[in-house]
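Below you'll find the structure, written out as structure tokens, and then a few comments.
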Amino acid sequence: MTVEQPERDSYILFTPYLVSFKEINDRTDYIVSVEDVDMPVLDAMMADSRIDYPNNINHPETVLLILIGSGLFHFQVKVFQGLSYCSLQDEFQIYVDDAPLPYPLQFLINSFVAILIGGVLFVVYLWYLNKHHVTRVRKAGSRCQDLHAIAHDYTADDRKTSMYV
């Protein structure tokens, strides 16, 4: 976690600092993910009754804030230094627009759309074969006959005078 103050250099919080997050609007669609770190200072502060919300004190190097929902998140963060009860407190807001869909739902939508597009293409292909299929010329005896001669049974003279051939 990095602390940035106006007109001062920013610095990274290391071991003697502890942080605590609280969502002010009482939203529950977020996760504060923390790796387990053995720190005697952390254990002592969590046992102290003078701290507002002791179960939410975390090591600053391992904190990860995961926002699940969308909308406005309003957090209050407190930074404790060692066993000092004077805390640096600040509030920040995060607005999340268009949060991603949960894991199985996104996968199911993608699969359904792929199957739907494949089915439509297959039906269009079958329709195309049905409408544009040309029958093969059949042999009559030892020679091939012309399709127009078979279908209309014209003679060679009729073909010259016909306007449709």
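Some observations on this one:
- Selection of first residues in segment 91-117 that are closer than 30 Å to Lys78 by Cβ and of second residues that are of a type in the set (Ser, Thr, Tyr), restricted to Cβ pairs under 8 Å at least 6 apart or on distinct chains, gives the following pairs, ordered by first then second residue: Val96/Ser70; Asp97/Ser70; Ala99/Ser70.
- Any hit, segment 95-103, residues being at pLDDT below 85 and among the aromatic types (Phe, Trp, Tyr): yes
The values are calculated or read from the model by the stated rules, or taken from the named source; none is laboratory data. The model shown is predicted, which means the values in this text are computed figures rather than measured ones. Heads up, the Cβs are rebuilt from the backbone with ideal geometry, glycines too, and the neighbour counts pull from every protein chain shown.
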